[in-house]
Amino acid sequence: MTAPVLEKPAAPAPGVPEPAGPAGRPAVTPGRRWFLQAAWAVSLLAALVLGFVGFLFTLSDIQERHYQSTAHKTFRDQLARAVAPTGSAPDGEPVALLDIPAIGLHQAVVVEGTTGRDLMRGPGHRRDTALPGQSGVAVVFGRGATFGAPFAELSKLRVGDRIETTTGQGTASYTVNAYGDGDAPITDPAPDRLVLVTGDSDWIPGSTVMIGARLDGDPQQNPGGRPATVPYDKALAADKGALATLQLWSLGLLGAVVAALLLARYWRRSTAYLSLAPVVGAALWAVYENAAALLPNLY
């Protein structure tokens, strides 16, 4: 008996739908597959960008408040034990308390340094200037939009408004008397004064706003010996040193995501994702923080 001859299925006529794939789904053509992959990549990129914006205007404030709370306790303890710094200090260390009642700023901890990373912690003292209350000119930078935005309302200060500071040498009071900006800096012959600096916009700033205030009463002794500034200390400077760290954390984030996807093939998917979610979240936070350091330091 001869074996039956199997006929080859005829190609579908024009206008007839393609054969269905598994579970009745249409077969995915190469063009459709490329479109879906591109749409997924664009959606992921959009989610990362929106997440970064959310970090800048929401989570960064939480991070700054946490540091301010911890630093305030530390600095108060240093003041009580008379060991608060009166000269140069390590980057990011608390060096003063700042009160500006006219704009609602109370007991803000001023840290040493004005790089982008320093100003993530709060207002920053420019390392080559006097501390508030000392003889000479003290300069303090502050962000105007992100990481708590301590100087967001700085331009609302008026002549005669008071500024109070506290350092390891005691309290000092200043009276606002001058204004300036990046094109026309403050020129004041008074030897003992305070200059507050922030960006000129709550978007990406292109210049600076400066508020000058004269010291009321006699200054405290200035021990001198201030270190020189670095390029990242300047107003509106980006902390380009964060670029290498950003690249490393980006690789770490990619590795964590790949690990979660691979683990999901051998475990229950929900278990795999939940177990690595804290790792992915921590890596993503570090990526956003280092990306923020590449923005102007007064932003």
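What order do you get for TYR174, TYR288 when you list them from fewest to most C-beta neighbours inside 10 Å?
TYR288, TYR174
Between 0 and 90 degrees, rounded to the nearest ten: what's the tilt of helix 269-292 against the longest Cα principal axis of the chain?
Around 40 degrees separate the two axes.
For a quick check, take a GNM of the chain with Cα springs below 10 Å and name the residue from GLY225, GLY180, GLY51 with the largest mean-square fluctuation.
GLY225
Can you sort VAL139, VAL257, VAL109 by how many other beta carbons sit within 10 Å, fewest first?
Going from sparsest to densest Cβ surroundings: VAL257, VAL139, VAL109.
Run the numbers on the chain and let me know its relative contact order in percent, using alpha-carbon pairs under 8 Å that are six or more apart.
16 percent
Relative to a virtual label point 7 Å from the Cα of ARG214 in the Cα→beta-carbon direction, which members of segment 154-192 show backbone nitrogen distances below 17 Å?
Backbone N within reach: 158-164, 173-180, 186-192.
Tally Lys/Arg at +1 and Asp/Glu at -1 over every other residue whose Cβ is under 14 Å from the Cβ of LEU215; what's the total?
Summing Lys and Arg as +1 and Asp and Glu as -1 gives -2.
Could you tell me how many degrees, from 0 to 90 and to the nearest 10, lie between the Cα long axis of helix 60-80 and the main elongation axis, the longest principal axis, of the Cα atoms of the chain?
30 degrees
Just to confirm the number: angle between the C-alpha axis of helix 242-264 and the first principal axis of the chain, 0 to 90 degrees, nearest 10?
30 degrees
To the nearest Å, what is the center-to-center distance of segment 38-57 and segment 99-132, using C-alpha atoms only?
32 Å
For a Förster distance of 22 Å, can you work out the FRET efficiency between the beta-carbons of ALA47 and LEU254, rounded to the nearest 0.05?
Given R0 = 22 Å and the Cβ-Cβ separation, E is 0.90.
Given contacts defined as C-alpha pairs under 8 Å and at least six residues apart, what's the relative contact order of segment 101-154, whole-number percent?
Normalised by residue count, the contact order of segment 101-154 is 28 percent.
Report the local net charge at ASP99: Lys and Arg +1, Asp and Glu -1, summed over other residues whose C-beta lies under 11 Å from its C-beta.
Summing Lys/Arg as +1 and Asp/Glu as -1 gives 0.
Obtain the nm distance between the two label points defined at PHE35 and ARG268 by a simple spin-label model: each point lies 7 Å from its Cα along the Cα-to-C-beta direction.
3.7 nm
If you take P(r) over Cα pairs in 10 Å bins from 0, in percent from the coordinates, which of (1) 6, 28, 37, 23, 5, 0; (2) 5, 22, 30, 26, 14, 3, 0; (3) 6, 22, 26, 15, 10, 8, 5, 4, 3, 1, 1, 0 do you get?
The listed entry that was calculated here is (3).
Return a whole-number percent for the relative contact order of segment 242-292, with Cα pairs under 8 Å and 6 or more residues apart as the contact set.
Answer for segment 242-292 is 55 percent.
Of all the Cα-Cα pairs you can form in segment 56-233, what percent are over 21 Å apart?
In whole percent, the long-distance tail amounts to 43.
Roughly speaking, what is the stretch gain from THR58 to ILE204, that is 0.36 nm per residue apart minus the C-alpha to C-alpha distance, in nm to one decimal?
Length gained, THR58 through ILE204: 50.9 nm.
Calculate the length of the line joining the C-alpha centroid of segment 223-299 to that of segment 159-199, in whole Å.
After rounding, the separation between the Cα centres reads 35 Å.
Readers should treat all values here as calculations from the given coordinates under stated rules, not as data from a laboratory. Remember, it's a predicted structure, so these values are computed and weren't measured experimentally. As a convention, Cβ positions derive from the backbone with ideal geometry for all residues, glycine included, and neighbour counts pool all protein chains shown.
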